[in-house]
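All remarks here apply to the structure that follows.
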Amino acid sequence: MLFTSPTFIFIFLPLVLLAYYLSPQKLKNLILLSFSLLFYAWGEVFYVLLMVASVMVNYLIGRLLFHHIKLRKMVLGIGVTLNLIPLLFFKYFTFFLEQLGQTPTAEIHLPLGISFFTFQAISYLVDVYREQTPAERNLINLGLYIALFPQLIAGPIVRFRSINKQLAERLHSKAQFIEGIERLIFGLSKKLLIANPLGFVADQIYALPSSQIDGSLAWMAAISYTMQIYFDFSAYSDMAIGLAKMFGFKIPENFNYPYMAQSIQEFWRRWHISLSRWFRDYLYIPLGGNRLGDKRTYFNLLVVFTLCGFWHGASWSFVIWGLYHGLFLILERLGLTHVLLTTPRLFRHAYALLVVIFGWVFFRVESIGDALAIQGRMLFTSQPENVLYSLHYFVSPQFYLALFFGLLLSTSVFKRWSMVSIDQQSNAQLLGRNIWIIALLLLNFVVISASTYNPFIYFRF
């Protein structure tokens, strides 16, 4: 069920809000968990049993970690393995068979959100093992942590220790509820009004054989996809954060204007923050981080970003994308950062942005050969002999409007306004804000009524 679908907006969300706020305090988590499982079952049908099994297994392993002091390391290993087995099977089994030259006899369906709820479950077990959080004694609360529908499918990846107190007791306020609605509408707008029009152009161009893509098309596709993936993914995060607020939860931010970064190190502090921190805390630091010398640090970075790429999908193009970012992180540690600091700020922005844009080509184009060919056209702008379509064939006024607002909203120009709480605004400011929100909502309804199925990019990860 998409957050942008009429079924979710006009049926599911009103029903769950009504049931939640009419239920007594003791039943609110049970109501929310029931609707979360229904939300997941709507698209995945019997795979909801996998979700229920994940809740049960992690509840039992968490309790064992709390009680069996001498066997804790072995219990943790069993728990992590039990979480990884479904992920490895559903997401990577076909890929591994193909690498061995075998042809799969049947297509294996990838359950939605499995990468996200698996990482959340593993972080819970590791934190209990490290005694950074107590094992949850209430099965409903742990189930809600793993299955909470706002961030179930595509994050942010939430740590149990950041939300466990909210699971037990949380405050509900009118101001927070309204802020949640606003954040939901902003996310809806970013997806429908910016990401989708830009993605439509990127999809059309990348659907062409690479031999028919000239330099102008290659750049337009790369820029369009660069904007699309940010506004698509950050839109989901905005909607997840907004929906969570409507139920009294505060979950972490996942983006901080990543295209404003002046280095690749800074980019990864701003992009998909919850995933970056997960890999840092549960893989990079346990491997030794930067404590064991430069060579080991570089090795750790390559391991982390290779696995980060592979986490995104069972394809060598994702692995190359991860290695690509890992290599630039190493180059910056080897001295590139010092060189960049001697240059104007605008140059540093351009450097980081160009590295990211070229990297997204590996991420988007499935064939590494095609990706390299397209990047070659971007670098040398050579004109292929059999180009059938010019740039004007793909773009439209709607595209340019989406691109303009995408470029504008990629900066922090409206950050100060968006961070001001409604409690701190004057009546005139609130009136203007409400008019703007209502106008956006009505525009989104118009787009929803005319749009076709267009899932979030990260649904497939």
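The values are calculated or read from the model by the stated rules, or taken from the named source; none is laboratory data. None of the values given here were measured: they were computed from a predicted structure. Cβ atoms come from the backbone with ideal geometry, glycine included; neighbour counts cover every protein chain shown. Calculation scope for accessible area: heavy atoms of the full protein, side chains included, ligands and nucleic acids excluded. Shrake-Rupley method; radii C 1.70, N 1.55, O 1.52, S 1.80 Å.
Using 0.36 nm per residue, how much length does the chain from T81 to V339 gain when fully extended, once their Cα-Cα distance is taken away? Intermediate values should be presented prior to the final figure.
Working: separation 258, 0.36 × 258 = 92.88 nm, distance 4.36 nm.
Result: 88.5 nm gained on full extension.
Counting only protein heavy atoms and a probe of 1.4 Å, the accessible surface of region 128-223 is 58% carbon and sulfur. Entry comment: accessible area of region 29-155 is 47 Å² per residue, from protein heavy atoms only and a probe of 1.4 Å. Karplus-derived 3J(HN,Hα) values for region 52-58, using 6.51 cos²θ - 1.76 cosθ + 1.60 with θ = phi - 60°, are 4, 4, 4, 4, 5, 4, 6 Hz; glycine and proline are entered as x.
With an 8 Å cut-off on Cα pairs and a minimum separation of 6 or more residues, tell me the relative contact order of region 1-87 in percent.
18
Measure up K28/K191; K70/K295; K165/K295 against 32 Å on the Cα-Cα distance and list the ones that go over. From the list (K28/K191; K70/K295; K165/K295), the Cα-Cα distance tops 32 Å for K70/K295; K165/K295. Taking the 1.4 Å solvent-accessible surface of region 49-114 as the whole, the part contributed by carbon and sulfur is 72%. Approximating the spin labels as points 7 Å out from Cα along Cα→Cβ, the V446-to-Q132 distance works out to 4.8 nm. Sequentially through region 301-317, phi angles give Karplus couplings (6.51, -1.76, 1.60; θ = phi - 60°) of 5, 5, 4, 4, 7, 5, 5, 4, x, 5, 4, 6, x, 7, 7, 5, 5 Hz, Gly and Pro residues having no value and appearing as x. Here the gap between A53 and L430, fully extended at 0.36 nm per residue and compared with their Cα-Cα distance, gives a gain of 131.1 nm.
In this rough spin-label picture, where each label sits 7 Å from Cα along the Cβ direction, the H68-K295 distance is 3.9 nm. Loop-located trypsin sites (Lys or Arg not before Pro) across region 280-343 with a Cβ neighbour count of 12 or fewer within 10 Å are R291, with loop assigned by DSSP. Net charge of the neighbourhood of S123, taken over other residues with C-beta under 10 Å away and scored Lys/Arg +1, Asp/Glu -1, is +1. Of all lysines in the structure, the ones whose alpha carbon falls short of 26 Å from that of K190, not counting any fewer than 8 places away in one chain, are K174, K245, K250, K415.
Rolling a 1.4 Å probe over the protein heavy atoms of region 286-355, with every protein chain left in place, gives an accessible area that is 73 percent carbon and sulfur. Phi angles of region 248-257 translate, via the Karplus equation with coefficients 6.51, -1.76, 1.60 and θ = phi - 60°, into HN-Hα couplings of x, 9, 10, 10, x, 5, 10, 9, 9, 6 Hz per residue; Gly and Pro are given as x.
Of (i) 115, 52, 45; (ii) 67, 58, 53; (iii) 64, 64, 49, which one was derived for Cα extents along the principal axes in Å from the structure shown? Among (i) 115, 52, 45; (ii) 67, 58, 53; (iii) 64, 64, 49, the one derived from this structure is (ii).
Send over a whole-number figure in Å² for the accessible area per residue of region 234-311, probe 1.4 Å.
On the way: 2830 Å² over 78 residues.
That works out to 36 Å² for each residue.
I need the calculated FRET efficiency for the pair L97 and S162, taking r as the beta carbon distance and R₀ as 35 Å, to the nearest 0.05. Don't skip to the end; give the middle numbers.
Working: r = 38 Å, r/R0 = 1.09.
So the FRET efficiency works out to roughly 0.35.
Loop-located trypsin sites (Lys or Arg not before Pro) in region 182-252 (DSSP state other than H, G, I, E, B) with a sparse environment of at most 16 neighbouring Cβ atoms within 10 Å: K250.
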